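For reference, the structure discussed in these notes is given below.
The values are calculated or read from the model by the stated rules, or taken from the named source; none is laboratory data. In this text the structure is predicted, and so the values were computed from the model without any measurement. Every residue, glycine among them, receives a Cβ derived from its backbone with ideal geometry; neighbour counts consider all protein chains shown. These accessible areas exclude ligands, DNA and RNA; they are computed on the full protein's heavy atoms, side chains included. Shrake-Rupley method; radii C 1.70, N 1.55, O 1.52, S 1.80 Å.
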Amino acid sequence: MAFLEVSNITRRFGGLVALNAVSFDVEKGEILGIIGPNGAGKTTLFGVISGFIPPSAGDVVYDGESIIGVSPDRLVRRGLMRSFQIVQSFADMTALDVVTTAALTRRPMREAIDYAAHALLRVGLGGKEHKTPATLSLQDKKLLELAKCIATDPRCILLDEVMAGLTMAETAAPIAIIEELNKQGVTIVMVEHVMPVIMRLAQRMVVINFGEKIAQGTPDEILKDQRVVDAYFGDHLDA
Amino acid sequence: MRDEFYKTLASPIWWGALVIAAIMPFVLSSYYVHILTLALVYVALASSWNIVGGMAGQISLAHSLFIGIGSMFSAALLLKLGINMWLGLVISAVISGILGAVIAWIDFRFQLGHLSFVLITLAFAEMGSIVVEGWDFLGGASGLLLPKDTGNFLAFQFGGGHGAFWMMLALAAICVLVNVAILNSPLGYYLRTIRDNEKAAQAIGVNILRYKITAMVISAMLASVVGTAYVRYLTFADPYLLISPVITIEIVLFATVGGLGRAYGPALGALLLVPLGEILRGKLGSTLPGLHYFIYGIVVISVILVTPRGLLPLFERLWARWRGPAVAGKP
Ligand SMILES: Nc1ncnc2c1ncn2[C@@H]1O[C@H](COP(=O)(O)OP(=O)(O)O)[C@@H](O)[C@H]1O
Ligand SMILES: [Mg+2]
């Protein structure tokens, strides 16, 4: 039995079928990449797995138990953590406050503050602890999302486009963090548009188009898959 | 609990301020002692409201209900059933806490959009005043008159005047300290995260319902206790004062002017605005009726325009500038 099993997840928004019977497994300790054009349903899929969006049909099994209907905060305490594609803002809290709250899932007050400061250092936000998230640069906001993830001591994280909008040089820091987390045994599912990054990090990939899974395999297999090339990469691979 | 809380407990400034406040009755005339006692009532009320309204960002208009239960119900228990007011205080606080939990749960269960909490709490406050005015046990519309305060502590009597002042001082200090304690503990972090971004709070493991209920219960119980002490001070349990929306509006106003969500903000607001209102009324109320409201309104509006986050942040900025640029802001 896989660590995370997504089976036949369907989600409709009114008449729109955002996800149509999507199934795949995530093995413990792997990095699974999910790709697909804008509007394919990737963020909706993360919403379903993380407990924010109830599916119209289907099941998600995490660590041996169905998690449909389990609230997001309980999933976090069970080690299933997500980041948001749209970086979340906090009006009146500092970066340290926010990450401390995340660390409180598993630690008492004083330890949580130290652990949060450590998580901020680890993602390279040392010295910016007392800034409010809104005043951080886009790159730093993305790093803050990662620090929040780290601070909850997750066993599995869902990363939604944490590299989007970053320059190639700026992606170095998040890539290193993701690799390090994975080495420590954290299972990672990541949605990413930056192809070189996901090709390098992911051990396996799933491709989604118009709410349906159209392919899965190693990055090499995906690159050769004609359906993927047609549906997704289209012209710029030919160029 | 963060060390800052224990530092506060051990702080000479805190105890110094308390001692200075405690000797006020020996220095001031009874008129000013009365004004200060009122100010302390509102320090306690605004600070207890701050837990749910300021920290958790849940604008509760139900607090007149909790104050009303604490005052009218414990007065009725004493007068109609002979129940000691200390026990009445506990019973009322428990009922208020349960009602607070129910309100928070209803709001969560039937999320009706942005204003739902405001409207639900307002509805409960309205129901409360209808019940009080229609139920003879609570004195109906004519209110209840407590026996004279002879200073029998065991009967929840503090001897009026000085005694009532000290009672209120202790209560106000407790309410402010509860604020300090919450802001330095996990609950404070959870509430602030919920206020700033509920979805993101859930995504970092915060159980929103549990902590919204916790905040509401603590806040409601404190408000109820203050209500019991307040009615003992007033001696006359007047439903038009104690369970009217006006008292809630005042509390919200003081907390906002002082600084929402901050441990000392609501206290500051009440300490400045209650005496201001009372003194303006005393000086102008008979000669030019209405003018004191006008001046009072101008002061409040100017404060909110100049410093929307309240006076406390303004004072902190001024203090930091005066001390020099090297001083970092406090959390
Ligand atoms: N809450 C919602 N209500 C209605 N439609 C939605 C909602 N969320 C997403 N959608 C739609 O579902 C589709 C998939 O969106 P999304 O999951 O964000 O795609 P992706 O992350 O792959 O770009 C899009 O057509 C989007 O407009
Ligand atoms: Mg998306």
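General remarks:
- Residue that is surrounded by the fewest Cβ atoms within 10 Å (Cβ to Cβ), among those in region A:75-97 that are more than 7 Å from chain B (Cβ to nearest Cβ) and assigned to a helix (DSSP H, G or I): A:LEU96
- Residue count for region A:1-15, restricted to those that are surrounded by fewer than 17 Cβ atoms within 10 Å (Cβ to Cβ), among the hydrophobic types (A, V, I, L, M, F, W, C) and at pLDDT 95 or above: 1
- Contact annotation: residue pairs with Cβ atoms under 7 Å, 6 or more positions apart or on different chains, pairing a residue in region A:69-83 that is of a type in the set (A, V, I, L, M, F, W, C) with a partner that is open to solvent by 20 Å² or more (accessible area, probe 1.4 Å) and assigned to a loop (DSSP other than H, G, I, E, B), are A:VAL70/A:GLY51; A:LEU75/A:GLY51; A:VAL76/A:THR105.
- Region B:84-125, residues that are of a type in the set (A, V, I, L, M) and outside any helix (DSSP H, G or I): B:LEU112, B:LEU115
- For A:THR132, the test of being hydroxyl-bearing (Ser, Thr, Tyr) and either within 16 Å of ligand 2 (Cβ to nearest atom) or open to solvent by less than 60 Å² (accessible area, probe 1.4 Å) (or both) is passed.
- Residues that are among the aliphatic types (A, V, I, L, M), over 26 Å from A:ASP225 (Cβ atoms) and under 16 Å from the mean Cα position of the chain (by Cα), drawn from region A:15-71: A:ILE53
- Candidates are the residues of region B:53-75 that are open to solvent by 10 Å² or more (accessible area, probe 1.4 Å) and part of a helix (DSSP H, G or I); the one that is nearest to B:GLY310 (Cα to Cα) is B:LEU65.
- Residue under evaluation A:ALA40, criteria (1) part of a loop (DSSP other than H, G, I, E, B); (2) more than 8 Å from chain B (Cβ to nearest Cβ); (3) open to solvent by 10 Å² or more (accessible area, probe 1.4 Å), criterion not met: (3)
- Within region A:112-150, the residues that satisfy the criterion of being among the polar types (S, T, N, Q) and over 18 Å from B:ALA200 (Cα atoms) are A:SER137, A:GLN139.
- Close pairs from region B:3-28: first over 19 Å from B:ALA267 (Cα atoms) and of a type in the set (A, V, I, L, M), partner open to solvent by less than 80 Å² (accessible area, probe 1.4 Å) and at pLDDT 90 or above, Cβ under 8 Å, at least 6 apart: B:LEU28/B:LEU36
- A search for C-beta distances below 7 Å between a residue of region A:9-25 that is touching a residue at least 12 places away in the same chain (Cβ under 8 Å) and of a type in the set (Gly, Ala, Ser) and any residue that is within 10 Å of ligand 1 (Cβ to nearest atom) and open to solvent by less than 50 Å² (accessible area, probe 1.4 Å), counting only pairs 6+ apart in sequence or on different chains, returns A:ALA18/A:ARG11; A:ALA18/A:GLY41; A:ALA18/A:THR44; A:ALA18/A:GLY211.
- The condition (being surrounded by fewer than 16 Cβ atoms within 10 Å (Cβ to Cβ) and away from ligand 1 (no atom under 11 Å from the Cβ)) is satisfied by just one residue among A:ALA103, A:ALA57: A:ALA57.
- Residues that are polar (S, T, N, Q) and within 20 Å of B:GLU4 (Cβ to Cβ) within region B:176-232 comprise B:ASN179, B:ASN184, B:SER185, B:THR193, listed in sequence order.
Conditions tested, residue by residue: (1) of a type in the set (A, V, I, L, M); (2) open to solvent by 20 Å² or more (accessible area, probe 1.4 Å); (3) under 13 Å from the mean Cα position of the chain (by Cα).
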position	(1), (2), (3)
B:ALA170	yes, yes, no
B:LEU191	yes, no, no
B:LEU222	yes, yes, yes
B:SER244	no, no, no
B:GLU250	no, yes, yes
B:GLY259	no, no, no
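- Some residue of region B:194-216 being surrounded by 22 or more Cβ atoms within 10 Å (Cβ to Cβ), farther than 21 Å from B:ALA75 by Cα and more than 14 Å from chain A (Cβ to nearest Cβ): yes
- Screening region A:43-74 for residues that are at the interface with chain B (Cβ under 8 Å from one of its Cβ atoms) and in a loop (DSSP other than H, G, I, E, B) and picking the one that is farthest from ligand 2 (Cβ to nearest atom) gives A:SER71.
- Checking each residue in region A:61-114 for being among the hydroxyl-bearing types (Ser, Thr, Tyr) and in contact with a strand residue (DSSP E or B) (Cβ under 6 Å, 6 or more places away or on another chain) picks out A:TYR62, A:SER66, A:SER83.
- Hits in region B:1-52 - residues which are open to solvent by 60 Å² or more (accessible area, probe 1.4 Å), away from chain A (no Cβ under 14 Å) and aromatic (Phe, Trp, Tyr): B:TRP15, B:PHE26, B:TYR31, B:TYR32
- Of the helices (runs of 4 or more DSSP H) contained entirely in region B:182-256, those carrying at least 2 residues that are touching a His at 6+ places or on another chain (Cβ under 9 Å) fall at B:208-234.
- Selection status of A:LEU201, free of Cβ contacts under 8 Å to residues at least 40 places away in the same chain and away from chain B (no Cβ under 14 Å): no
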